[in-house]
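Each value in this text was obtained by applying a stated rule to the coordinates, not by laboratory testing. This is a predicted model, so every value here is computed, not measured. As a convention, Cβ positions derive from the backbone with ideal geometry for all residues, glycine included, and neighbour counts pool all protein chains shown.
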Amino acid sequence: MTTLQICIMIALAALATQITRWLPFLLFRSKTPAVVTYLGTVLPSAIWGMLVVYCFRNGPLAEGSNGMPEVLASIVTIALQAWKKNMAVTIAGGTLCYMALVQWLF
Amino acid sequence: MSVKLAAASARAAFRATVPILIGFGFCGFSYGLYMHSLGFEPIFPIVMTLTILAGSLEFIMASMITGPFAPLTAFLVGLLVNARHLFYGIAMLDRYRDTGAMKPFLIYGLIDETFSILGRGEVPEGADRRWYYFFVTLFNESYWVLSTAFGAVFGADLPLDTRGIEFVLPALFLAIFVSSWQQERQHVGSLAGLGITLCCLLAFGSTYFLLAAMTFIIVLLLLFRKKLSSITGTVS
């Protein structure tokens with residue numbers, strides 16, 4: 001591809017992303033309908049569940065992994081969050097645990 | 001007074017975004033490194049980060065622009081992968097309503113991680129709500145752009161084994177999921193999101209399941225609106 005073609009593809013991906021961000025604000029400009037307000041309150045917790053599944057949509061993350069590192073690191077991540085309730089500790093701890101597992105053990 | 005309030009809000013926003021700084025430090029760095037390994041000058045990941053500003057799509061686009069010219073696919077994949085932002089927008093409609101001149105920037109920068117903080121709805125004591133929104137959005141974007149640039153420019157020179165760094169994304173969402181689980185009085189929403197998406201993944205495969213899952217989640221939440229409104233205490 002030429003640099004221009006690459007730029008066009010990047011621009012279109014950016015445009016699509018911005019459409020997904022602006023659309024609700026453009027559609028419901030004056031007053032938010034009650035049903036949309038309701039969705040706004042109940043949707044987030046469903047979204048987090050959805051995104052957790054989304055992360056593992058292709059099975060194991062690392063090449064050659066049998067899934068064990070993913071399961072173990074997820075358990076560590078969940079336990080850290082439930083215990084410490086500190087996102088920074090949870091994310092760093094879970095990721096470092098996973099890195100150690102795929103680099104040294106599996 | 002206003003400057004003081006803005007400064008207090010910036011400090012509160014920084015404290016709230018420290019986990020994102022760590023997560024993005026990892027993730028943006030690996031993205032910059034990845035683009036470098038594909039043979040792109042640092043300007044490409046930096047421009048992509050500023051314009052697309054959506055991590056998962058940036059990774060997807062990185063591999064797409066090494067292939068054939070496919071503008072329509074780029075556009076549709078962008079819509080599909082980021083359709084979840086529609087949910088964020090809906091959740092933030094009323095909170096962003098009175099943000100005035102900041103509003104275009106807040107909407108442009110409403111990424112997963114910013115929503116993960118502002119979507120919880122709490123504003124720290126001593127912070128101004130609108131300045132807090134502004135700084136959380138600004139800080140998160142800066143972390144992502146700067147760490148990407150750092151990875152693209154210096155990544156190849158660092159003697160680091162970064163294998164396994166991709167777990168940062170699941171770790172982030174697991175952390176948010178667990179913390180949201182602990183705060184809610186009933187878990188219908190969390191379980192529905194998890195269960196429906198899993199069923200859709202098994203039924204439709206990893207390319208199309210997200211669209212189906214989002215449709216089913218919305219339909220189900222609408223069908224049980226009366227019931228869920230009464231347990232969550234939502235006025236509807």
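With every atom except the alpha carbons ignored, what do you get for Rg and Dmax of chain B, in angstroms?
Cα only, chain B: 19.2, 58 Å (Rg, Dmax).
Given R₀ = 30 Å, what would the calculated FRET efficiency be for A:Ala11 paired with B:Thr215, taking r from the Cβ atoms and rounding to 0.05?
0.60
Using a/c under 1.5 as the rounded threshold, could you call chain A rounded, prolate or oblate? The axes a ≥ b ≥ c are square roots of the C-alpha gyration tensor eigenvalues, and prolate needs a/b larger than b/c, oblate otherwise.
The shape class here is oblate.
Kindly put B:Arg130, B:Arg185, B:Arg97 in sequence by how many other C-beta atoms sit within 10 Å of each C-beta, fewest to most.
B:Arg185, B:Arg97, B:Arg130
Return A:Val71, A:Val52 ranked ascending by Cβ neighbour count within 10 Å, so the fewest neighbours appear first.
The fewest-first ordering by Cβ neighbours comes to A:Val71, A:Val52.
Could you derive backbone 3J(HN,Hα) for segment B:125-139 from the dihedral phi with the Karplus parameters 6.51, -1.76 and 1.60 (θ = phi - 60°), listing whole Hz in sequence and x where the residue is Gly or Pro?
For segment B:125-139, the Karplus-derived couplings read 4, x, 9, 7, 4, 5, 4, 4, 4, 4, 6, 4, 4, 5, 4 Hz, x marking Gly and Pro.
Once both labels are modelled 7 Å past Cα along the beta-carbon direction, what's the B:Thr66-B:Gln183 spacing in nm?
About 3.9 nm, to one decimal.
How much of the calculated P(r) for segment B:39-80 lies past 15 Å, in percent of all Cα pairs?
39
Considering the alpha-carbon set of segment B:119-200 alone, what are its Rg and its Dmax in angstrom?
Expressed in Å, the Cα Rg and Dmax of segment B:119-200 come to 17.9, 49.
Viscosity 1.306 mPa s, temperature 10 °C: Stokes-Einstein D of the protein assembly as shown from its Kirkwood Cα radius, in µm² per second?
Taking Rh from Cα pairs, D becomes 77 µm²/s.
Quickly estimate the mean residue ellipticity at 222 nm for the protein assembly as shown, helices only: each DSSP H run with n ≥ 4 gives -39500 (n - 2.57), and the total goes over all residues, rounded to 500.
Helix contribution divided over all residues of the protein assembly as shown: -24000 deg cm²/dmol.
If each residue's Cβ is checked for other Cβ atoms within 10 Å, how do B:Ile117, A:Ile6 rank with the fewest at the top?
A:Ile6, B:Ile117
For B:Ser147, what is the net charge nearby, where nearby means another residue's Cβ is under 13 Å from its Cβ and Lys, Arg count +1, Asp, Glu -1?
Surrounding charge for B:Ser147 is -3.
Can you flag which of A:Lys31/B:Lys226; A:Lys31/A:Lys84; A:Lys84/B:Lys226 are past 32 Å Cα-Cα?
A:Lys31/A:Lys84; A:Lys84/B:Lys226
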